[in-house]
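Worksheet: one structure, shown below.
A short reminder: the numbers here are calculations on the coordinates, not readings from a lab. None of the values given here were measured: they were computed from a predicted structure. Backbone-built Cβ (ideal geometry, glycine too); neighbour counts: all protein chains shown.
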């Protein structure tokens with residue numbers, strides 16, 4: 001009786017193990033198209049067909065993964081160009097977002113921006129005025145030294161080398177000052193243009209805010225009318 005029971009248990013275990021064999025040896029299938037355009041299902045995809053893409057199937061024939069075909073050079077160029085456009089658009093959107101936040105934090109009205117512009121431009125104009133005053137002083141010094149040199153030459157005496165060198169140095173300073181004046185005047189134009197862009201952008205923001213208020217008021221009015229007459 002014991003022997004028969006043991007044999008019975010061995011038989012049950014064997015059946016269970018046999019039932020596990022297919023699962024243990026199950027493999028994914030691959031479905032692809034060959035050069036003739038025919039669908040092929042196999043346990044592997046030949047290397048020459050990988051670039052064309054394929055599908056991975058489980059043992060029940062259900063698609064579990066799709067591998068797309070490789071893009072052509074032209075298609076890759078299009079994808080890369082579109083990606084760059086998307087990146088540029090995202091960067092521009094972020095720039096505008098930061099710009100808008102900065103404007104709304106610093107200013108309450110367009111008059112605030114105009115006042116800030118006048119302060120900045122006034123400071124720059126003062127710098128230009130100082131530079132021009134320095135240039136006039138340098139030119140007077142040059143003229144004085146040149147007159148002294150001319151007097152020496154008319155009297156038959158030789159002009160001192162240090163005097164000539166001083167004139168050259170002053171003229172060099174005049175040239176440096178001229179360039180600084182040009183730079184500051186260019187900066188004045190750029191600052192004025194930047195503030196004008198801020199004014200224009202802030203005006204757009206105010207229009208958007210006003211539009212939202214109008215739409216919100218309309219929605220509230222519509223909701224109020226609906227509550228009075230729900231038909």
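If you run the Gaussian network model on the chain, springs between alpha carbon atoms under 10 Å, then out of 206, 71, 29 the most flexible one is 29.
Under 8 Å for C-alpha pairs, at least 6 residues apart: give me the relative contact order for the chain, rounded to a whole percent. List each step's numbers first, then the result.
Numbers: 140 pairs, mean separation 32.3, N = 231.
Over the chain, the number comes to 14 percent.
Structure remark: mean-square fluctuation, Gaussian network model of the chain, C-alpha springs under 10 Å; the largest value among 81, 116, 217 belongs to 217. Between the helical axis of 2-24 and the longest alpha-carbon principal axis of the chain there is an angle of about 40 degrees.
Between residue 129 and residue 209, how high is the FRET efficiency from 1/(1 + (r/R0)^6) when r is the Cβ-Cβ distance and R₀ = 45 Å? Nearest 0.05. Mind dumping the intermediate values first?
Working: r = 40 Å, r/R0 = 0.89.
E(calc), rounded to 0.05, equals 0.65.
Of the labelled figures [x] 1.05; [y] 1.46; [z] 1.15, only one reflects Rg/Rh (Cα atoms, Kirkwood Rh) as derived from the coordinates, namely [y].
Relative to the longest principal axis of the Cα atoms of the chain, the long axis of helix 73-106 makes an angle of roughly 60 degrees. Stretching residue 47 away from residue 27 to a fully extended chain increases their span by 5.3 nm, per 0.36 nm per residue minus the current alpha-carbon distance. I need the calculated FRET efficiency for the pair residue 118 and residue 169, taking r as the beta carbon distance and R₀ as 41 Å, to the nearest 0.05. That gives a FRET efficiency of 0.60.
For Cα pairs less than 8 Å apart in space and 6+ apart in sequence, what is the mean separation divided by the residue count of segment 109-228, i.e. the relative contact order in percent?
Worked out over segment 109-228, it gives 41 percent.
Using the number of other C-beta atoms within 10 angstrom as an exposure proxy, rank 224, 139 with the fewest first. Mind dumping the intermediate values first?
Values: 224 9, 139 14.
Ascending Cβ contact count within 10 Å gives the list 224, 139.
Running a GNM on the chain with Cα contacts under 10 Å, which residue among 103, 57, 145 ends up with the highest mean-square fluctuation? In this elastic network of the chain, the residue with the biggest mean-square fluctuation among 103, 57, 145 is 57.
Against the main long axis of the alpha-carbon atoms of the chain, helix 110-154 sits at an angle near 40°.
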